[in-house]
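Colleague: I'd like to ask some things about the structure below.
The values are calculated or read from the model by the stated rules, or taken from the named source; none is laboratory data. On a predicted model such as this, the values are computed, not experimentally measured, just so you know. As a convention, Cβ positions derive from the backbone with ideal geometry for all residues, glycine included, and neighbour counts pool all protein chains shown.
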Amino acid sequence: MVFSRYARDLLDLSLLNMTYSHVLLIPFISGFFVFVDRKKVFQNIQYDFVRGTGIILIGIVNYLIGRKFGGSLNQNDFLSMMCFAFIITWIGGFIFFYGIESIKKAPFPFMFLVFMIPVPQIILDFLIFFLIRGSAEVAYILFKITGIDFVRDNFSFYLPNLNIEVAKECSGIRSSIGLFITSVIAGHLFLKTGWKKAVLILSIFPITILKNGLRITTLSLLGAFVDRRILSSDLHREGGKPFFALALILLITVLILLKRTEKKNRKV
């Protein structure tokens, strides 16, 4: 009841801001994994008053801090604090009723809830800049490979009959978050070794940058040499799906390679 207001704000954010459209799915995915691991989670149920109450208090303290200093934060960061406090409080309540062992035996569903928290703005801005920079570098290399005449000025490219800028909208942050969450789930389901799960997750960044660079280059060449109206068409606005599919194929390829190394290690 205390957090219901912020749950509604989070729902509105997920419906209005496509960067966070995944938020609605997170509790259902976590619930699915709790159901899958229910024998482990509910194997030894017992109250844990001390640790459960302690974690609930941590959540309440975070909530009070957010309420006190929320006026100095933007809406995104304020909601991040409230969601963090809500998740901590909820996990504390779960431990209170079911015991700490219920989480220790199957921690993934509970850790996965962190994806409900909106990314703090300072981190989001850094990720967007990192993706834009990497995408511009890939586009530069691809333009070089094509052999066309162009001039580059930081994030701007001047092609024959066309000038483009690799802007914030070209970062692919929404698809990056989707791929990141997909890699976390895939690593949990198919990989056993922790460092291989980390490799799979980290592979998202070069894959996303390559995907963005390919999209920028393809649309730019089509706009410069076929029809510049393409850049204001649905192909530009909604044409990211084929490139997202390519990114998924690359991610699956990395997953298969990592999976094969695990099989070889078992044989040895």
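Colleague: Could you list, in sequence order, the residues of the range 27-81 that are outside any loop (DSSP other than H, G, I, E, B), surrounded by fewer than 16 Cβ atoms within 10 Å (Cβ to Cβ) and of a type in the set (S, T, N, Q)?
Modeller: Scanning the range 27-81 gives Thr53, Ser72, Gln75.
Colleague: Among the residues of the range 105-128, is any at pLDDT below 90 and over 18 Å from the mean Cα position of the chain (by Cα)?
Modeller: Yes, the range 105-128 has at least one match.
Colleague: Can you tell me which residue among Ile148, Ile164, Ile216, Ile181 is within 24 Å of Ile249 (Cβ to Cβ), in contact with a strand residue (DSSP E or B) (Cβ under 9 Å, 6 or more places away or on another chain) and assigned by TED's automatic domain parsing to the domain that holds Thr261?
Modeller: Every option except Ile216 fails the conditions.
Colleague: Among the residues that make up the range 152-165, is at least one of them surrounded by fewer than 19 Cβ atoms within 10 Å (Cβ to Cβ) and closer than 30 Å to Ser72 by Cβ?
Modeller: no
Colleague: Report, by residue number, each residue of the range 120-163 that is outside any helix (DSSP H, G or I) and in contact (Cβ under 8 Å) with a residue 60 or more places away in the chain.
Modeller: The first filter runs over the range 120-163 and keeps only residues outside any helix (DSSP H, G or I), leaving 120, 147-163.
Result: Ile148, Phe157, Leu159, Pro160, Asn161, Leu162.
Colleague: With (1) modelled with pLDDT of 80 or more; (2) over 27 Å from the mean Cα position of the chain (by Cα) as the list, and Asp227 as the residue in question, which single condition is left unmet?
Modeller: So Asp227 meets the others, but not (1).
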